[in-house]
1. Starting from segment 113-222, pick out the chymotrypsin sites (Phe, Trp or Tyr not before Pro) whose DSSP state is loop and whose Cβ has at most 10 other Cβ atoms within 10 Å.
2. At 10 °C and 1.306 mPa s, what whole-number value in µm²/s does Stokes-Einstein give for the translational diffusion of the chain, with Rh from the Kirkwood sum over Cα pairs?
3. Measure off 7 Å from each Cα along the Cα-to-Cβ vector at Ala88 and Arg111, then give the distance between these two points in nanometres to one decimal.
4. Please give me, ordered by residue number, the trypsin sites (Lys or Arg not before Pro) of segment 117-171 that lie in loop per DSSP and have at most 13 other Cβ atoms within 10 Å.
5. In a Gaussian network model over the chain where Cα atoms closer than 10 Å are linked, find which of Ala81, Ala174, Ala116 has the largest mean-square fluctuation.
6. Of Ala94, Ala18, Ala189, which is the most mobile in a GNM of the chain whose springs link Cα atoms less than 10 angstrom apart?
7. How much mean residue ellipticity at 222 nm does the chain get from its helices, if each DSSP H run of length 4 or more adds -39500 (n - 2.57) and you divide by all residues, to the nearest 500 deg cm²/dmol?
8. Over 21 Å, how big is the tail of the calculated P(r) for segment 141-287, in percent of all Cα pairs?
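Please treat every number below as a calculation from the coordinates, not as lab data. Values in this document were obtained by computation on a predicted structure and should not be read as measured data. We place every Cβ from the backbone using ideal geometry, glycine too, and count neighbours over all the protein chains shown.
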Amino acid sequence: MRVAEGIHALKIPFRLPAGPDNFLERFVYCYLVCGDTVCLIDSGVAGSQEIIFDYLASIGRKPEDISILVLTHSHPDHMGAAHAIREATACTVAAHLSEKNWIEDIDLQFRERPVAGFETLVAAPVKVDRVLKDGDVLGLGGGFDMEVFHTPGHSRGSLSLFLRKQKVLFCADAVLLPGQLPIYDDNEACVRSVNKLKYMRGVEILLSSWDEPKRGPEVLRALDESLIFLRSIQRAVFEVINEYPTADLMAMCGQVVRIMGLPPAALNPLVARSLASSLEKKRPRGH
Ligand SMILES: [Zn+2]
């Protein structure tokens, strides 16, 4: 889907195992920014290169036009096809330093963050050729200069990218969708990052990995709703642990899912682990 001149969104469907015969239908957005050269933002899951290359052909570009693949972070739905894309295009693979280990060593990633179906989502590890940090600018030619923002919280090295001239912001997984599965490393860092995006000037289009493109007044609304969602999750976690101080993580997650009215699929170890981040912050302060 064309979002704006030179900017395209590719919605990539995939499935997560959710029981013996059950699957959770998910999707992830990858983005193409087409200047003189092409930047691919995230690779999608294993096999996504076919969708990406077919789309490139439909707009008169070739896979080899991809000069850089920016991995906004290391999660399987963002890096699953990265190896195949690099093999086919010889592009530079770029990511934040904090994500490098999990991108280059997928066994380590799976050990430290076990995701159901991981082996079907990620085809192979890939080497990070270029480490990106807050303030870097990626010039693609043709008037497309992409500014890099470090927006941790969803993961430690999550990146957002801003095309200032085109007024387009790519926020990857940094902006949570209210009512959906809250998955993050650090609730408070998420709040800081969404605030950082909120106070950027001149964003007219917000492109997330989890949501349809937001335009104009919808941009600020999406950021505000995400902040409210993050804070209400934090409150629900504290409410549950005050009431059930001995509850284990999954029981606590179940209570939070109930209080927040989240979908049943939110009762899972990844969400429980996300919610636990609020407790890790709380303990050292002597509560
Ligand atoms: Zn993610």
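1. Tyr199
2. In µm²/s, the coefficient rounds to 82.
3. Label at Ala88, label at Arg111, 3.2 nm between them.
4. Lys127, Lys133, Lys165
5. Most flexible of the set in this elastic network: Ala116.
6. Comparing Ala94, Ala18, Ala189 in a Gaussian network model of the chain, the most mobile one is Ala18.
7. Value at 222 nm, helices only: -11000 deg cm²/dmol.
8. The share of Cα pairs beyond 21 Å in segment 141-287 comes to 44 percent.
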